[in-house]
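Here's the structure we're looking at; comments come further down.
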Amino acid sequence: MTHGAPLSLYNSMSRAIETFAPIDPKMVRLYSCGPTVYSTAHLGNLRAYVFTDTLRRTLNWKGWPTTHVINITDVGHLTSDADAGDDKMELAAAKSGTTIWDVAARYTRLFKDDLRALNIVDPAIWSVATDHIQDMIAFAQAIQDAGAAYEIDGGLYFDVSKVPDYGRLARHGDGPEIGRIESVAGKRNPADFAIWRRSAGDEQRQMEWLSPWGPGAPGWHLECSVMSLKYLGLQFDIHTGGIDHREIHHCNEIAQNQAFTGTAASGANIWMHNNFLVDRTGKMSKSKGGVATLGALTALGVHPLGYRLLCLSAHYRSELEFSLDAVAASLTRLKRLVIALAALKAEAALDDAALRPTREAGASKGAPFDWQRHALEHGLSEAARAFVARFDEVISADLMTPQALPVLEAVMASPLAAGEKLRLVANFDLVLGLGLLDLDRRALSVRPEDATLADAEVEALLDQRQQARAAKDFAAADGARDRLKLAGVDIMDGDPLRWEWRPRLGD
Ligand code: AMP
Ligand code: ZN
């Protein structure tokens, strides 16, 4: 059962907004291209998962249960899309002097930590590429049997001329992109790509498996075809990835799916792509020691959910320009919300259960956020329901999060009773995932890694300042304030926190 406005989503395949109609309304099937676990995810990568999380939360909130699969690419992704260069994983292992397996385990763990810090709901299935090698060999064999693959020295290659309309997703046509992949001798068409990469000569890779085409490793595109179709069926609802994947990776997945099923179907009804987080300031650049990762941002004193709010403040199909100022502004916006919520909580004196309904309290037993939504909306006033309708309308319009946030802020500023406001915020946060009910001012005040004062010293200086002020010794009071300021501490008179760390975002 779905509720409210019809959900419309932009389909990269048709390049149009379409009304979402699930294949099976009882279970919407969703696949998201996952990370290659050879280094820490950068903030751009994480934008991709905030997007898929918003999509998944919205589907649930609108009443559809979902099966969400994210893969972990721990083999096969080359340093270039052009089937050339080294395997990213092999390279990372060589650099760090550990094994590929160690590299994969480490960065998988760090990736999941980042997702947790961003309140991203775990997928139903994490599918790890190296757990599916036999499936991949069987799939590749089927493609070869269908006549859409051929063997050359480098391994088994996909013949893109054997499928209808190759590259349609990217609108390749005969454009220059199609000639990009040309570095391998023996290929029939420039866009042909490796399904199975045979180990060269007597080279032994750390990760290699026996196959009908000799020892080697699967191509990266093969992994996603195999794992998405295995868990979600030959045609599922939505496939997501960053906009870069629209050009090659997803075109190749589609070609493989077509060859495998012997149809023109792409494998997914809707292909969705998030635009990039771009960095014109160079602040993200790792080589310049920049703020490329969530960990680096936290080290400066920015709570991870400040970054989530930054992501939500732009539409997923727009480029989002990264700057420390923008992150700081998002953090401030989040703090304002949390301060206002604390006042509301004190005023409404609702018990926690009213804002965190259990499954039993919900009228519907379907999707995870759906029954919570039902319980939270039960008995709302007409004015409050109008806010729900507005929120539903904008989020259902291709996930317009930049317009959904002001609806939440309008609720806070409205004359509604405190209890209703809280229930609306709890409800909208099921979609936004900011954890608004769990956050407080203390949690949002993150100690920068290079902070010099201990908390006790800050408190002592604050007390000194207070005593100096009481004694009307304003010079001493200002002195204490200046010392704190220099140490990166902001004094907040009239705030129960009294002080907090200022994120180190200045140039
Ligand atoms: P990768 O680990 O390189 O396969 O990337 C993981 C995900 O992040 C993919 O969906 C990419 O398309 C996406 N991605 C990579 N760079 C960015 C960026 N700067 N902004 C947004 N998404 C990105
Ligand atoms: Zn993929």
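General remarks:
- For the chain, the normalised intensity computed at q = 0.12 Å⁻¹ comes to -1.12 (log10 of I(q)/I(0), Debye sum over alpha carbons, equal scatterers, no solvent).
- Full extension of the chain between Ser318 and Arg280 yields a length gain of 12.2 nm, computed as 0.36 nm times the residue separation minus the alpha carbon distance.
- Positive-end extreme of charge dipole, the chain - chosen from Tyr150, Leu424, Ala454 (charges on Cβ): Leu424
- Measuring r between the beta carbons of Leu497 and Leu350 and using R0 = 30 Å, the FRET efficiency lands at 0.85.
- FRET efficiency, Thr263 to Ala185 (Cβ-Cβ, R0 30 Å, nearest 0.05): 0.40
- Cβ-based charge dipole, the chain, positive-most Cα from Met89, Ala194, Leu408: Leu408
- Where labels lie 7 Å past Cα in the beta-carbon direction, separation of Thr358 and Ala443 in nm: 2.2 nm
- Inter-label distance, Ser161 to Ala470: 9.0 nm, where each label sits 7 Å from its Cα along the C-beta direction.
- MRE, 222 nm, helices only [DSSP H, n ≥ 4, -39500 (n - 2.57), over the chain, to nearest 500]: -13500 deg cm²/dmol
- Antiparallel DSSP beta bridges within the chain, as percent of all bridges there, nearest 5: 50 percent
- Compared with the direct C-alpha span, the chain from Ala138 to Ile17 gains 39.9 nm at full extension, assuming 0.36 nm per residue.
- HN-Hα J in Hz across the stretch 148-158 - Karplus 6.51, -1.76, 1.60, θ = phi - 60°, x for Gly and Pro: 9, 9, 9, 9, 10, 3, x, x, 9, 10, 8
- 5 Å-binned pair-distance histogram of the stretch 443-507 (Cα, whole percent): 4, 18, 29, 25, 15, 7, 3, 0
- Two-decimal log10 I(q)/I(0) for the stretch 389-481, as the Debye equation yields it once each C-alpha is a single scatterer, q = 0.13, 0.15, 0.22 Å⁻¹: -0.69, -0.74, -1.04
- Gained length - Thr332 relative to Asp131, 0.36 nm times residue gap less alpha-carbon distance: 68.0 nm
- Protection proxy ranking, peptides 395-403, 115-123, average beta carbon neighbours within 10 Å, highest first: 395-403, 115-123
Taken together, the values in this text are just the output of simple stated rules run on the coordinates, not laboratory data. Please read all numbers here as calculations on a predicted model, not as lab measurements. Here Cβ is always computed from backbone atoms with ideal geometry, including for glycine, and neighbour counts include all displayed protein chains.
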